[in-house]
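Peer 1: What follows is a structure written as structure tokens; I'll ask about it next.
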Amino acid sequence: MEQTIETIEINGVKYERVGSRPVVTGKRAVVVVDRGWIFAGDVTRENGRILIDRAVWVFRWEGVGFDGMIKDPKNKVTLRKMDNRIDIPADSEIFSVPVGDAWGL
């Protein structure tokens with residue numbers, strides 16, 4: 001009998017088998033918030049808040065879908081650098097997508 005492990009989690013970080021899908025590690029994510037706001041950055045979740053450092057605001061994208069924006073933030077995507085930490089109530093999050101550590105920078 002053969003067993004295959006697809007993912008493993010160590011200290012809260014999920015790892016996937018090589019060759020399955022691109023592995024995204026680290027804390028950076030694109031966070032979609034209610035009322036249409038979309039931010040990306042290094043995410044920390046604590047005390048009912050979402051704290052985003054090294055943040056960018058995904059202002060708009062053209063000619064590509066959401067998946068295209070995630071895949072290549074330099075292709076028809078307008079990002080605005082945020083100078084301060086973003087602090088969002090955790091209940092306002094719609095969903096988030098993990099991205100690479102340099103996404104949007």
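We did not get these values from a lab; they are worked out from the coordinates using the rules stated. Keep in mind it's a predicted model, so treat the numbers as computed, not measured. Virtual Cβ from ideal backbone geometry, glycine too; neighbours counted across all protein chains shown.
Peer 1: Out of Gly36, Phe66, Val77, whose Cα points farthest toward the positive end of the dipole of the chain (charges: +1 Lys, Arg; -1 Asp, Glu; placed on Cβ)?
Peer 2: Towards the positive end, the residue furthest out is Val77.
Peer 1: Kindly provide the helix-only [θ] at 222 nm of the chain, computed as the sum of -39,500 (n - 2.57) over DSSP H runs of four or more divided by all residues, to the nearest 500 deg cm²/dmol?
Peer 2: Result for the chain: -1500 deg cm²/dmol, rounded to the nearest 500.
Peer 1: Ile94 to Lys71: extension gain in nm, 0.36 nm per residue of separation minus the Cα-Cα distance?
Peer 2: The Ile94-Lys71 span can extend by a further 6.3 nm.
Peer 1: Further, regarding this structure: Given 4 °C and 1.567 mPa s, compute D for the chain with the Stokes-Einstein relation, Rh being the Kirkwood radius over Cα pairs; round to the nearest whole µm²/s. Walk me through the numbers on the way to the answer.
Peer 2: Numbers: Rh = 14.9 Å.
Using the Kirkwood radius from Cα pairs, D works out to 87 µm²/s.
Peer 1: Work out from phi, with θ = phi - 60° and the Karplus expression 6.51 cos²θ - 1.76 cosθ + 1.60, the ³J(HN,Hα) of each residue of segment 64-78, listed in order in whole Hz, and give x for Gly and Pro.
Peer 2: 3J(HN,Hα) across segment 64-78, in whole Hz: 9, x, 4, 5, x, 5, 5, 5, 9, x, 9, 9, 6, 10, 9.
Peer 1: Still on this model: Grab the other residues whose beta carbon is less than 12 angstrom from that of Arg85, score K and R as +1, D and E as -1, and report the net.
Peer 2: Here the count lands on -2.
Peer 1: Right, next: Mind checking which aspartates and glutamates have their C-alpha under 15 Å from Lys71, skipping anything on the same chain fewer than 8 residues away?
Peer 2: Glu62, Asp101
Peer 1: Still on this structure: Please state the charge dipole magnitude for the chain, taken about the Cα centre, from unit charges on C-beta atoms (+1 on K and R, -1 on D and E), reported in debye and rounded to the nearest 20.
Peer 2: On the way: 16 positive and 16 negative charges, 85 e Å.
Charge dipole, the chain, about its Cα centre: 400 debye, nearest 20.
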